[in-house]
Structure formats: C-alpha cells, structure tokens
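J.: Sharing a structure here in structure tokens format.
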Amino acid sequence: MKVLMFGWEFPPFNSGGLGVACEGLAKGLAFLGVKVIFVLPKKMNCHHPNFKIIFADENNIEFKAINSLLRPYITSQSYKQTAQKIGLNNIYESDLFKEVLRYGKMAERIAKAEIFDIIHAHDWLSFPAGIMAKNVSGKPLVVHIHATEFDRAGDNPNPFVFAIEKIGMEKADAIIAISNFTKNKIVENYGIEPSKVSVVYNAINQNYFDQTLSGPNQLFELKKAGKKIVLFVGRITLQKGPDYFLKAAQKVLQFNKNVVFVVAGTGDMERQIIEMAAAMGIADKFLFTGFLKGDDLKKAYTAADLFVLPSVSEPFGLVALESLTLKTPILVSKQSGVSEVIQNALKTDFWDTDEMANKILACLTYQGLGTTLQEESFKEMEKLSWEKSAQKCIDIYRSVLTNY
C-alpha cells in the first residue's frame, strides 16, 4: 500500500505536538510496510541541508517539499507578518487563506506525478490539498483531525477555517479523530455522521527520550535547595489554559511557598500571563523558559515533581505522554483526549482551580501518591505504540479502498 500524506511539520523541525504525531504515525506505517510519500511545506528562507540525510534511513518514507509559508498553529495575522518580513516576491499569496489554496494547487501537481493508493491529510491547512489530490487522481481521501477550530478559538471560530474543515470532512471518505473528545466535537459542531469517524489515539515511542542528558540541569539545583517543581509545557494560548494554571498556582502558594512553577512554551498569551503573574504577586515563583525541545525539554520533565495539563479543550495531549516516559506523574484536565487512555492520573475540570490546587498539593505532599501514579501510569503508557495506531489506520485504509 502506498499513501500520499500531507503534513505540516516533522521533527526535528517542529513547533508542537502535531509534528511529533505525524512523525510517529508515518514511521509506524513504514514499519508495517506501508510506503509513505510525505508532503511538507518548505520556507524558502529556511534551508536544512541535512533534512533528507536525517530521515534517509526511513526506507518507506519519501519526502516532498512544497515552497510555502504555511505552518501549524499559524494565524492570519502571523502569516501576514511573516510574509511582510521576507517579502512576497510574487511567490506567496498576500493572505493566509489564499496561500492555503495555492498550496492545494501545488499539491495537485504532486498528485498527478505520483502513484499511490490513498490520500491522508492532517488538519485543516492540508484539506484543500487533499481534496484537489482526490479530484485529480480519483483516489479516496482520509482526513485526520488533531484539533478543530472550536478547540483553538472556543465559541468564536473563524468562519473561513470552519468552512474548510467542514468541506474537508464532508469530501473525505473517512475521518480519523485522535480521541472520543474530538469525535464528539466533529459530530456536534460539523454535523458529521458518527459512523464516518474512527478514533485512533496518539502514542509515543518508549525510547522517545532515550538519549543521554548532557550539561547541567538548573532545575535540579532548585530541587537540591528543597523546592518542589510543577511543570506546564505547551503553547501559551487560550486553548491550553495557562490562566487557569496561574490561578491554581496562586492557591497552592497560599499553603506551600516552597513550590516553583515552570512554564515551557510560547504563544499569543505569553506577555499577558507574565503580567498576570506579576499582578497576582507570584511572579517570583514562576520560571518562563520559552519553547523547549531536546535535552532542555527532557531536563524539565525529569526535574518536575508533577506535570500539569490544564487545557480548556485538548484533543489529545502528547506532552502528558512525554512526561510519563520519564516517569513524572501527571495532572490532566478532563477536557483532554489523553484522560481517556491514562486512568492512573490526577484529573480535574480545567475551570475547577480549587480542585486543581488540592491535587497539586496532595501530590507534592504525599510521596506515596506520586510514586504510585508514576508506576501505574507508566504501565498504561507502555501499552500505547505508534505501530498499533498505524495498524488501525491501515484497517481504515483497507475498509475505504474496499468500498470505494
């Protein structure tokens, strides 16, 4: 079987969980013998001569690059700023939505030139590309929903993004959702028949953080000084609930002033959250590290006494699994997909900052609770694998091809 796959980023050149998921699934499919043609946008001003060398040993993954400014989590404003910064040079479109359609037309050329059995498109930015590839090739289309516009924007979705998502789901021959939480949003908000949507959970390779750490870990110095560390990793945006994390932290500090809260990430709310921490009088208890990856991210997970995912709307939450690979216990919002697959985790509603604070304090106070969570959740996490997720995708491909 040969799959034409449209994605948006691929490690090590990724800015979030979407790239990690695309890599895991593509490698899982390749391991099971599926040939993957992975199409990525490529910025003209960003060259990585070792990109294909890094992945050259993935015999079943072939990379195709389309020259585009598109990337995950992009907004109309950030696209405009990027385009103005580098100059359009008669190559890129003047706004995000025209660029999405231009990308689709360029993807159409790849679909004409390649031989494949099925098309697999990840999230809304690639749906027009997937639809155009389907139209020109006559091959079936599977769309993969990692997040909806209702996750990103709450109750005020961008009408253009919503329209692209809806038509992509309607034109698709099958839809993959990364959790039942996401499937329910698809059915309720887009009017899709439930039988058309299959749930395939994300996973994580057990050796994800196998590399040996190098250099000092400044967070361990804090631990040596007797500090407890609570970690947030993710984009600092409305969807991820950083403001609720702050409110819970303030309540924790009323009972235990020996806690340091680490926020690893960037986003459009970063300045607001820093100013909010200052206004609340707890800025001295917070460390804002910016976006972390590689050894720096591993050091943060390893040093943490508890990882917290306070998301308002989290389709899955791969960062929680990353934490578990290093046996750091987790507290996740009930509004997350990962809460469906890990039972031995602390869980609260994102808005219930009293309960969130109570559970943070319990984990930091009672060593036995943290140890039990570490051991039992790690056992659950070990049952997840990208090969299992890939096999479910293959089953969906076969079902679609049989009925096409």
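J.: If the requirement is being closer than 22 Å to residue 221 by Cα and at pLDDT below 95, which of these qualifies: 267, 294?
T.: The unique qualifying residue is 294.
J.: Related question: Out of 299, 327, report the one residue that is in a loop (DSSP other than H, G, I, E, B) and of a type in the set (D, E, K, R).
T.: Of the residues listed, the single one that is in a loop (DSSP other than H, G, I, E, B) and of a type in the set (D, E, K, R) is 327.
J.: Moving to a separate point now. Among the numbered criteria (1) outside any helix (DSSP H, G or I); (2) at pLDDT 95 or above, which single criterion is violated by residue 392?
T.: (1)
J.: So residue 274 ticks every box in (1) touching a residue at least 24 places away in the same chain (Cβ under 8 Å); (2) touching a helix residue (DSSP H, G or I) at 6+ places or on another chain (Cβ under 8 Å) but one. Which box is left unticked?
T.: (1)
J.: Please give the number of the condition residue 182 fails out of (1) under 25 Å from residue 349 (Cβ atoms); (2) in a loop (DSSP other than H, G, I, E, B); (3) in contact with a strand residue (DSSP E or B) (Cβ under 9 Å, 6 or more places away or on another chain).
T.: So residue 182 meets the others, but not (2).
J.: If a residue counts only when it is basic (Lys, Arg), which helices (runs of 4 or more DSSP H) contained entirely in segment 89-155 have at least 3 such residues?
T.: So the answer is 96-113.
Yes/no per residue for (1) out of contact with any strand residue (DSSP E or B) (no Cβ under 9 Å at 6 or more places or on another chain); (2) of a type in the set (S, T, N, Q):
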position	(1), (2)
231	no, no
244	no, no
251	yes, no
256	no, yes
260	no, no
269	yes, no
286	no, no
289	no, yes
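Conditions (1) in contact with a helix residue (DSSP H, G or I) (Cβ under 9 Å, 6 or more places away or on another chain); (2) crowded, with 19+ Cβ neighbours inside 10 Å; (3) part of a helix (DSSP H, G or I), marked per residue:
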{"residue": "160", "(1), (2), (3)": "yes, no, yes"}
{"residue": "165", "(1), (2), (3)": "yes, yes, yes"}
{"residue": "169", "(1), (2), (3)": "yes, yes, yes"}
{"residue": "176", "(1), (2), (3)": "yes, yes, no"}
{"residue": "187", "(1), (2), (3)": "yes, no, yes"}
{"residue": "204", "(1), (2), (3)": "yes, yes, no"}
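The values are calculated or read from the model by the stated rules, or taken from the named source; none is laboratory data. Since we're looking at a predicted model, the values are computed, not measured. So basically every Cβ, Gly included, is an ideal-geometry build from the backbone, and we count neighbours across all protein chains shown.
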